[in-house]
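One structure below.
The values are calculated or read from the model by the stated rules, or taken from the named source; none is laboratory data. Please read all numbers here as calculations on a predicted model, not as lab measurements. Don't worry about glycine lacking a Cβ; one is built from the backbone with ideal geometry, like all the others, and counts go over all protein chains shown. Just the protein is used for accessible areas: all its heavy atoms, side chains included, with ligands, DNA and RNA removed. Shrake-Rupley method; radii C 1.70, N 1.55, O 1.52, S 1.80 Å.
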Amino acid sequence: MNEIRLATSAEANMLGFAEVASAPSAAGIDRRSFLKLSGLAGGGLVLALYLGNHATALANGNSTGFAPNAFLRIAPDGTIVIYSKAPEIGQGIKTSFPMIIAEELDADWSKVRVEQAAINPSVFGRQSAGGSRSIPMGWDQLRRAGATGRALLVTAAAKEWGVTENECTTENSTVLHKASNRRLSYGELSTKAAGLPIPDAKTLTLKNRKDFKLLGTRVTGVDNDKIVTGQPLFGIDQVLPGMQYAVFERCPAVGGKVIEANLDVIKKLPGVTNAFVVKGTGKPTEVASGVAILANSTWNAMSAKRRLKVTWDESQASKDSWTKSVEDAKKLAQQQGTETLESVGDFDNAIADAKIAEAFYAYPFLSHATLEPQNCTASFKDGAVELWAPTQRPDGALQLISDVLGVPVEKVTVHQTRVGGGFGRRLMNDYMCEAAWISRQAGVPIKLTWTREDDMQHDFYRVGGFHAFKAGVDADGKLVAWQDHFITFTHDGQQPAIGASFGTDEFPVPLVPNVRVTQSKLLISTPTGAWRAPRSCALAFAIQSFLHECSILGNRDHLEFLLELMGEPRWLAPKNEFALNTGRAAAVIKLAAEKAGWGRKMPKGHGLGLAFHFSHAGHFAEVAEVSIDANRRLTVHRVTVAGDIGLVVNMSGAESQVEGSVIDGFSAAMGQAVSIENGRIKETNFHDYPLLRIANAPQVDVHFIQSDFSPTGVGEPALPPVAPAICNAIYAATRHRVRTLPLVKEGFSI
């Protein structure tokens with residue numbers, strides 16, 4: 001059941017959709033899950049759509065229910081405003097979401113204006129960005145949003161002309177009656193359409209793919225002009241009247257608490273307005289114990305922070321050591337894991353008559369290193385708090401801030417800003433909690449800005465890990481046995497840390513007849529979190545590199561070896577488009593190899609490397625072309641990428657995401673590692689945690705298979721194959737097998 005409710009003009013104000021804060025009651029929701037807002041000042045049509053099958057759950061207050069919303073406004077002057085509900089973190093969703101609606105609406109894109117929606121999950125449902133799920137989760141619902149708007153406009157025109165709706169067509173924000181050569185613009189029809197009853201969802205006609213005009217084309221980002229002209233879109237740009245500038249010092253080892261600090265000295269420094277100890281909640285995901293400094297400028301606040309001296313109680317602080325973890329992992333690798341994750345066939349019997357490959361792989365912890373450091377502007381006043389933040393999870397921040405401050409959730413307001421890099425870091429809202437806490441304790445609005453050193457040393461890191469592999473190939477070079485002792489990390493001794501788990505559906509486990517996968521876990525206190533393509537960003541390096549070792553052992557061409565593993569086209573989980581499809585996998589492997597010229601003769605010191613990985617519903621294969629000189633100086637000349645993510649919504653955005661994934665993947669593989677000793681992160685800035693520079697960036701050739709499947713995300717699945725493709729190419733060029741990242745640890749440079 002769905003509900004139709006007419007809103008006041010104040011509720012429907014262009015920037016005031018947050019006023020419609022209360023979800024309809026379960027008893028009042030009618031079957032179309034549709035909320036119509038009318039009565040705009042100046043007339044026009046406004047649609048705020050509850051979409052999907054979870055509106056009832058949302059109405060009942062079930063925060064896990066998924067009810068994505070699309071707000072559409074058509075003004076009498078023909079302007080179309082589409083509200084994008086999801087955070088824009090560089091993945092292009094602020095452009096792609098409106099494109100989907102505009103396609104079904106048959107809107108003239110030049111007349112579309114896109115605005116960031118208010119953060120209000122009771123109206124919008126899920127408002128977060130992560131896991132490359134925004135497009136697949138919103139696809140059908142957003143299409144229906146546009147189709148509903150189009151249907152209302154067609155009905156309005158048909159009534160105006162006294163004809164049937166079937167006689168009318170639409171194009172470029174216009175309804176046409178071809179028989180009489182009459183036409184009316186959407187603007188002219190908007191007021192009439194606003195008074196019509198809502199069409200039944202079952203009567204909506206969605207476009208056939210062959211009729212798409214906007215989707216699949218290259219559309220520039222809706223914020224691009226504002227970005228290049230320096231307009232204040234990002235969190236770090238926000239300014240409030242009377243605002244003070246804050247910094248926050250945390251214990252260098254997670255879990256430490258303040259004993260004392262030289263606050264009297266700090267308060268006397270130029271521009272400093274206040275300094276105080278923050279007790280915090282003791283949780284790294286909320287507010288750690290620390291010292292806050294407020295000043296009249298960011299420079300003065302950060303300058304004072306450098307003069308701060310804190311005595312820490314580290315009795316309960318982390319004592320983590322990466323060096324010890326490596327030593328422990330190597331010992332554990334000599335035996336089976338303590339847990340069996342998968343056992344299929346008879347590994348021991350299969351390995352007995354096979355050629356055997358064995359190897360130990362290791363990869364490090366990584367920082368997110370977002371170019372915009374963590375920041376948040378907060379104003380706590382009269383028991384309520386308002387925040388402006390570059391977060392990936394604004395919806396989750398509402399309850400989190402409520403819990404941390406002990407205020408009702410309706411007293412928390414979050415304004416979504418554009419995000420200067422997320423990569424999973426900003427799924428954690430610790431910096432928002434800090435800003436809210438400091439504003440309340442100081443009694444003034446503040447903007448909290450982390451230094452680069454704060455950002456590097458107080459992250460939720462991509463977790464490191466280890467693999468002890470053993471595999472067998474038969475006389476024909478076919479992979480017949482696969483063993484992986486996965487050595488990972490845990491915070492509680494029970495569950496793997498975030499990003500540290502292993503799924504038994506991980507390629508090639510389901511495709512090998514004799515398999516044994518075991519797991520051991522090492523205790524750690526260092527916070528971990530999602531990092532671009534969680535799990536896959538690390539697993540692909542080890543697994544795809546060792547697969548290459550197996551193909552070499554079997555004297556097989558790696559392309560043929562991978563295709564043989566895929567076998568006949570099939571879903572590994574039937575009727576599940578989020579599962580690996582061996583046919584789609586084989587198609588991208590073939591395409592990448594073809595476009596890269598796989599098999600051609602390479603000059604001395606040059607090599608081609610091929611890798612495939614499936615993650616986040618995306619099938620991607622990549623071929624890296626590299627050269628190595630006598631001093632182990634590496635050049636990655638080209639990376640050829642082939643991907644299948646179903647229909648590509650915005651070709652420009654998708655290509656940019658793949659190019660960025662390749663750069664990010666190469667950057668991490670080349671020189672990035674977080675060194676943890678005595679609970680402290682040794683790296684502090686880009687001098688010891690380098691990002692790839694433009695001069696070293698490879699050419700990236702991107703090819704998409706525009707398959708008939710529904711679209712899936714592309715922000716993450718193109719990254720995992722990068723490292724193994726480069727490492728396999730290094731082997732082809734030098735016969736040196738890379739089993740430890742980053743590459744600088746094995747003597748390579750760029």
> Which of the residues spanning the stretch 262-291 are closer than 18 Å to Ser315 by Cβ and of a type outside the set (Ser, Thr, Tyr)?
Replying inline: Val277, Lys279, Gly280, Gly282, Lys283, Pro284, Ala288, Gly290
> Hey, does the stretch 684-701 have a residue that's open to solvent by 10 Å² or more (accessible area, probe 1.4 Å), over 21 Å from Phe423 (Cβ atoms) and touching a Lys or Arg at 6+ places or on another chain (Cβ under 8 Å)?
Replying inline: yes
> Taking the stretch 519-534, which residues are farther than 19 Å from Val326 by Cβ and in contact with a Gly (Cβ under 8 Å, 6 or more places away or on another chain)?
Replying inline: Gly529, Ala530, Trp531, Arg532, Pro534
> Can you name the number of the only condition in (1) out of contact with any Leu (no Cβ under 7 Å at 6 or more places or on another chain); (2) aliphatic (A, V, I, L, M); (3) touching a residue at least 24 places away in the same chain (Cβ under 8 Å) that Val154 fails?
Replying inline: (3)
> Looking at Ile681, Ile705, Ile730, which one is touching a helix residue (DSSP H, G or I) at 6+ places or on another chain (Cβ under 9 Å) and within 30 Å of Trp312 (Cα to Cα)?
Replying inline: Ile681
>> Scan the stretch 619-631 and tell me whether some residue there is part of a strand (DSSP E or B) and under 26 Å from Lys94 (Cα atoms).
In response: yes
> Hey, does the stretch 115-126 have a residue that's open to solvent by 20 Å² or more (accessible area, probe 1.4 Å), among the small types (Gly, Ala, Ser), in a loop (DSSP other than H, G, I, E, B) and out of contact with any Phe, Trp or Tyr (no Cβ under 7 Å at 6 or more places or on another chain)?
Replying inline: no
> Residues of the stretch 476-497 being in contact (Cβ under 8 Å) with a residue 60 or more places away in the chain and open to solvent by 10 Å² or more (accessible area, probe 1.4 Å), which ones?
Replying inline: Asp476, Lys478, Val480, Gln483
> Can we say Arg440 is open to solvent by 10 Å² or more (accessible area, probe 1.4 Å) and among the charged types (D, E, K, R)?
Replying inline: yes
> Can you find a residue in the stretch 251-270 that is part of a loop (DSSP other than H, G, I, E, B), among the polar types (S, T, N, Q) and modelled with pLDDT of 95 or more?
Replying inline: yes
>> Against the conditions (1) open to solvent by 10 Å² or more (accessible area, probe 1.4 Å); (2) in contact (Cβ under 8 Å) with a residue 60 or more places away in the chain; (3) in a loop (DSSP other than H, G, I, E, B), where does Ser652 fall short? Just the number, please.
In response: (3)
> Are any residues in the stretch 179-210 of a type in the set (Ser, Thr, Tyr) and either exposed (fewer than 14 other Cβ atoms within 10 Å of the Cβ) or farther than 23 Å from Gly78 by Cβ (or both), and if so, which ones?
Replying inline: Ser180, Thr203, Thr205
> For the stretch 577-608, how many residues are buried (at least 21 other Cβ atoms within 10 Å of the Cβ), out of contact with any Asp or Glu (no Cβ under 8 Å at 6 or more places or on another chain) and closer than 17 Å to Ala729 by Cα?
Replying inline: 2
> So is Gly665 in a helix (DSSP H, G or I), crowded, with 18+ Cβ neighbours inside 10 Å and in contact (Cβ under 8 Å) with a residue 24 or more places away in the chain or not?
Replying inline: yes
> Scanning for something in a strand (DSSP E or B), open to solvent by 20 Å² or more (accessible area, probe 1.4 Å) and farther than 22 Å from Leu522 by Cα, does the stretch 369-379 turn up at least one residue?
Replying inline: yes
> What residue, among those in the stretch 400-416 that are open to solvent by 10 Å² or more (accessible area, probe 1.4 Å) and within 21 Å of the chain's Cα centre (by Cα), is farthest from Gly242 (Cα to Cα)?
Replying inline: Leu400
>> List the strands (runs of 3 or more DSSP E) inside the stretch 400-507, counting only whole elements, that have at least 2 residues being out of contact with any Phe, Trp or Tyr (no Cβ under 9 Å at 6 or more places or on another chain).
In response: 412-416, 479-490
